[in-house]
1. Do the sum for the chain: with -39,500 (n - 2.57) for every DSSP H run of n ≥ 4, divided by all residues, what is the mean residue ellipticity at 222 nm, to the nearest 500 deg cm²/dmol?
2. Between Gln64 and Arg238, what is the label-point separation in nm under the 7 Å Cα-to-beta-carbon projection?
3. Can you send over the solvent-accessible area of Glu67, 1.4 Å probe, protein chains only, in Å² to the nearest 10?
4. Rounding to the nearest 10 and keeping the result within 0 to 90°, find how far the Cα-based axis of helix 151-179 lies from the longest principal axis of the chain.
5. Quote the relative contact order of region 42-145 in percent (integer), defining contacts as alpha-carbon pairs under 8 Å separated by 6+ residues.
6. Rounded if a/c is under 1.5, else prolate if a/b beats b/c, else oblate: with a ≥ b ≥ c from the C-alpha gyration tensor eigenvalues square-rooted, which is the chain?
7. Which whole-number percentage describes the relative contact order of the chain, with Cα contacts under 8 Å and a sequence gap of 6 or more?
8. Sort 40-52, 130-142 for me by packing, meaning the mean count of neighbouring Cβ atoms within 10 Å per residue, highest on top.
Amino acid sequence: MNAIPSQMSRDSNRSKLEDAAIFRRGWIMTILVTILFMINFADKAVLGLAATPIMRDFHLSPTQFGELSGVFFLLFGISGIIGGIVSTRVSTNKILLVLAVLWGIAMLPVIMAPTLAMLYANRIALGAAEGPTSPIITHFVQKWFDEAQRTLPTSVSYIGGGLGLFVAGPLLTWSIFHWGWRVTFGLLAIVAVLWAIMWFFVGQEGPYTTYASMEEKPSEWQGALDPHVSYWLLFISRTWLGIFIAGIGAYWALVAGIVWMPRVLEQALGYSHGSVGLLVAVPQ
């Protein structure tokens, strides 16, 4: 009679140890994708930080530089949607690996043939490769934590965006000033590839994918969490439309900050090249 409670106790302890191990592993994965987010935003910021030498080298007017900056988002949104659809069929762990590799490849045109056409190709390809990053990272992180624990690690992963700009501001500005913007693009490619190599060996998919059964879902969420809800219904929902509209304003401010702020600080306000990197980092 005593064997049964003893066995149950051992199973319970084993379950707790397994849950603790998953929780710790989940935080390691969260930190690693936070670093990926930092690389993501450094890639976005480098063009604005290098605005002055790029405009000088290619004799670009502010309007032409604005066009060059804008093409980054030509395929950004479309690839984000495609990435979301793909993530329902391919593990997010593998998608993040591919994205990081693509970021490195996207830098090759500028490194191999630093012409204006290649710079355009770089920004278009990089935008397409970075479009799915945010939703895929969110999806990946939430697979490592149960429903009650997901908010904090998801928020931490998004810190990588601001932290990336905070770190990239001074470092990329120093690199551009001392080694040139072409070398700096190459360094970002190397960082992305190194992260991908590391991820190939340590990246893992989390154990939490969805509710184990319909019975575990809160009754009022049954319809909302039905995996068979069509994309059309999602895209016309008030929640999605609200996020879409808010995203327009958020990215407007983001682009203005990372593309034009360094140029304004240096050319209009007279700050030195070294000070610009620090000032760009401060708001983050």
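The values are calculated or read from the model by the stated rules, or taken from the named source; none is laboratory data. Note that this is a predicted model, so its numbers are computed, not measured. Please note: Cβ atoms are built from the backbone with ideal geometry, for glycine as well, and neighbour counts cover all protein chains shown. We work out accessible area using only protein heavy atoms, side chains counted, and drop any ligands, DNA or RNA first. Shrake-Rupley method; radii C 1.70, N 1.55, O 1.52, S 1.80 Å.
1. After summing the helix terms and dividing by residue count, I get -23500 deg cm²/dmol.
2. 4.9
3. 100
4. Computed tilt is about 20 degrees.
5. 39
6. Details: a/c = 2.43, a/b = 1.90, b/c = 1.28.
Prolate.
7. 30
8. Numbers: 40-52: 24.5, 130-142: 21.8.
Per-residue mean Cβ counts within 10 Å order the peptides as 40-52, 130-142.
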